[in-house]
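Note sheet for the following structure.
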Amino acid sequence: MFAGRKVVAAAQELGAADIAKRADAFLDAANVTHDLEIRYRLAQATPQYGPAASTIDARLDRALGALQRMVAGYVELSEDPATDPAMAAAARRLSNELFPRGVTHVTMMSFPEEFETVSKLLTRLQGSGDLAPAVARLSLDPFVATLATLNTSFGAELDRAPKVEGPGWDEIRAARARMHARQLELIAAVLGAFPDSDEASLTRRTAVLEPLSVQQRALAALYRSRRGGRDVNPDTGEVDPTAPEEPVSPPSA
């Protein structure tokens, strides 16, 4: 946008109405693109959930770990021949059914995934759930009740602050393409208005195009500092096949 404003000012100073018009169009496209990119970054940085979500998640993880350890303790106890067979069977059932891939598999899930997983688990552990008798046999009801309370609070916190919607990556890419097209049209207009190689034409071309050249050289250096120097869709990680490897610089005056 900074370069666009300087180009507009230079075109107006030269009294070149068509160039000034195209410079205005380029600046408008740059403004739109900049606003979209700001909104996109703001949406990405906005917390998706309520402020207490992380705290409740930590408590929920501890409760899941405590339940797993209690069941593991009963399984160890059930190895003693003196252990009540019904209690041993209940311990083995819970050990096999609760966390078949380990409790860490659940605690490392995203917030929504963990909430849904624990919710489904609770339907089996409480009421008429198929694991409720085993819970009662091992007197684990207080652990399950705590888990249910925490999960309810967790779900409410996940719904408290819905994600701020920003523009999509395709929208930003389209805006960049429009800005690039307006820039090329501006460059073509300048070259058409001042096509000669005399000093006067050279001075006029330089006055209008130099701000763009400075900006594009800076962008080219930035792109070269990146590995590959290509636009990447941040949502999918895919390289944008339509984006140029480096910005197109105005022709040398």
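Every number here is computed from the coordinates shown, using simple stated rules; none is lab data. No experiment lies behind these values; they were computed from the predicted model shown. Here the Cβ positions follow ideal geometry from the backbone for every residue, glycine too, while neighbour counts run over all protein chains shown.
Quick notes
- With a Förster radius of 45 Å applied to the C-beta separation of Asp198 and Ala218, the computed FRET efficiency comes to 0.95.
- With the simple model of a label 7 Å out from the Cα in the direction of the Cβ, Arg101 to Asp170 spans 3.0 nm.
- In this rough spin-label picture, where each label sits 7 Å from Cα along the Cβ direction, the Thr123-Arg39 distance is 3.8 nm.
- The modelled label-to-label distance for the pair Leu191/Ser110, using points 7 Å beyond Cα in the direction of Cβ, is 4.6 nm.
- On the basis of the beta-carbon distance and an R0 of 22 Å, Ala145 and Arg92 show a calculated FRET efficiency of 0.45.
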